[in-house]
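Undergrad: I have a structure here, written as structure tokens, and I will follow up with some questions on it.
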Amino acid sequence: MEQVEVAPPQTMEVRIKIKHTSLCHTDLYFWEAKGQAPLFPRIFGHEAAGIVESVGEGVSDLQTGDHVLPVFTGECKECAHCKSEDSNMCDLLRINTDRGVMLTDGKSRFSIDGKRINHFLGTSTFSEYTVVHSGCLAKINPLAPLDKVCILSCGISTGLGATLNVAKPKKGSSVAIFGLGAVGLAAAEGARIAGASRIIGIDLNPNRFEEAKKFGVTEFINPKDHDRPVQQVIADMTDGGVDRSVECTGHTEAMVSAFECVHDGWGVAVLVGVPNKDAAFMTKPINLLNERTIKGTFFGNYKPRTDLPSVVEMYMNKKLELEKFITHRVSFSDINRAFELMLRGEGLRCIINMGE
Ligand code: NAD
Ligand code: ZN
């Protein structure tokens, strides 16, 4: 724990008081700094909820006291992506894992005795106060409990949107979910909300199955229990394949299985998991010609500012259940426990209370 100085927000920026944050695998990955050039010292954290403390010049749609979810990717509302109904991959504010400074002036707003501390994903929520570009803040219903809806700012919306916005299963259909971590279970929650009648969960770790029952997963497959590809097991169980599948593992063998397990003629597979950057996979073109579709999604295709407020409303209207994702809570001073839990693969989401 260090005392940091947080500079005032500059043009188009907002300073927010973080109320609750949670840990996601991306924080862990960059903290371990195995896969990229490390950028330290750095304040991690990107899944959170907070309250606007002050706004910089040019910010017109947010004011002190507004409740917000900071998001690792933004929405400028002016670029070709933001203007397209189909894309949420804003040119200006798209996720950038290498940048440790603010866009406006290329400087950091965090310092200790004048020494710069880097930002992370433009959010840096493991701090009582942080400065975020206004385009990366979703203004939400002030009645929404921040200690719950904070998990909508990354993983849960990703999985939920992958199903609801991209796979779009019809009522009564079958959906296979590969990987039953928080993202996969959020995808299962999407299938439940869409009225899928069969939700098949696939994971290499059987410990995940018990928890997944709470998410409406009705059948389970561990690929290790079979001596043939899991796509064949699924085809046999479903008279030729599932209607939809959502891959939430980041592993290419699961991506291939997720694609090949959908029914010909109408099946749609959606890839969510982030693979190793050099990963590649193979499938026979005939699998596509037989009218199977493969799609990918980023942040569940949600536009952060336009769409997240309505996801919060889904929770407020009791359509979306968030409580079951929250398996642990710690105070900010115990944040290392949240890291330990994630390293051990225990639980789904640990909420970190930033206190008063
Ligand atoms: P997690 O590690 O908690 O869960 C992944 C699960 O997949 C584990 O239970 C693991 O046992 C299982 N698994 C691994 N290989 C498998 C295989 N071959 N077959 C079946 N199951 C397998 O991870 P998470 O936090 O739920 O995230 C899931 C993925 O989603 C990650 O790759 C993450 O990077 C990605 N993600 C993507 C986006 C996006 O916008 N596309 C956003 C957030 C997270
Ligand atoms: Zn944009």
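The values are calculated or read from the model by the stated rules, or taken from the named source; none is laboratory data. The structure displayed is predicted, hence computed values, not measured ones. Positions of Cβ are generated from backbone atoms using ideal geometry, with glycine treated the same way; all protein chains shown enter the neighbour counts. Quick note on the areas: whole protein, heavy atoms, side chains included, nothing else; ligands and nucleic acids left out. Shrake-Rupley method; radii C 1.70, N 1.55, O 1.52, S 1.80 Å.
Undergrad: Return one whole number: the accessible area per residue of the chain in Å², for a 1.4 Å probe.
TA: I get 45 Å² per residue for the chain.
Undergrad: List the aspartates and glutamates whose alpha-carbon lies under 18 Å from that of residue 284, not counting same-chain residues fewer than 8 positions away?
TA: The qualifying aspartates and glutamates are 253, 260, 264.
Undergrad: Just the number, please: percent antiparallel of the DSSP beta bridges in the chain, rounded to the nearest 5.
TA: That works out to approximately 50 percent antiparallel.
Undergrad: State the percentage of accessible surface on the range 212-341 attributable to carbon and sulfur atoms; use a 1.4 Å probe and exclude ligands, DNA and RNA.
TA: Solvent-exposed carbon and sulfur of the range 212-341 make up 51 percent of the total.
Undergrad: Counting helices only, and only those DSSP H runs with n ≥ 4, report the 222 nm mean residue ellipticity of the chain as the sum of -39,500 (n - 2.57) divided by its residues, in deg cm²/dmol to the nearest 500.
TA: -6500 deg cm²/dmol
Undergrad: Shifting gears a bit: Once the whole set of protein chains is in place, how much accessible area is left on residue 239, using a 1.4 Å probe, in Å² to the nearest 10?
TA: Here the accessible area works out near 130 Å².
Undergrad: Which of 170/319; 170/318; 83/319; 168/303; 77/303; 34/295 have a Cα-Cα distance over 19 Å?
TA: 170/318; 83/319; 34/295
Undergrad: What percent do you get for the relative contact order of the range 227-356 when only Cα pairs under 8 Å and 6+ apart count?
TA: For the range 227-356, the relative contact order is 17 percent.
Undergrad: A follow-up question, please. Might you work out the accessible area of residue 78 for me, using a 1.4 Å probe with all protein chains in place, and round it to the nearest 10 Å²?
TA: Estimated to the nearest 10 Å², residue 78 gives 140 Å².
Undergrad: As a test question: what accessible area, to the nearest 10 Å², does residue 236 have when a 1.4 Å probe is rolled over all protein chains in place?
TA: Rounded to the nearest 10, that gives 110 Å².
Undergrad: Specify the inter-centroid distance of the range 294-355 and the range 251-293, based on alpha-carbon positions, in whole Å.
TA: 27 Å
Undergrad: Follow-up question, since we're still on this one. What residue among 282, 314, 342 shows peak mean-square fluctuation when the chain is described by a Gaussian network model with Cα springs under 10 Å?
TA: Answer for the Gaussian network model of the chain: 282.
Undergrad: Go through the range 170-259 and name the trypsin sites (Lys or Arg not before Pro) that are in a DSSP coil and have 15 or fewer other Cβ atoms within 10 Å of their Cβ.
TA: For trypsin sites (Lys or Arg not before Pro) across the range 170-259 that sit outside H, G, I, E and B with at most 15 neighbouring Cβ atoms in 10 Å, the list reads 170, 171.
Undergrad: Report Rg/Rh for the range 96-210, rounded to two decimals, where Rg is the Cα radius of gyration and Rh the Kirkwood radius.
TA: A ratio of 1.11.
Undergrad: Residue 280 to residue 34: FRET efficiency via 1/(1 + (r/R0)^6), r the Cβ-Cβ distance, R0 22 Å, to the nearest 0.05? Spell out each step's value before the answer.
TA: Working: r = 20 Å, r/R0 = 0.93.
Rounded to the nearest 0.05, the efficiency is 0.60.
Undergrad: Could you give the angle, 0 to 90 degrees to the nearest 10, between helix 304-316's Cα long axis and the longest principal axis of the Cα atoms of the chain?
TA: 70 degrees
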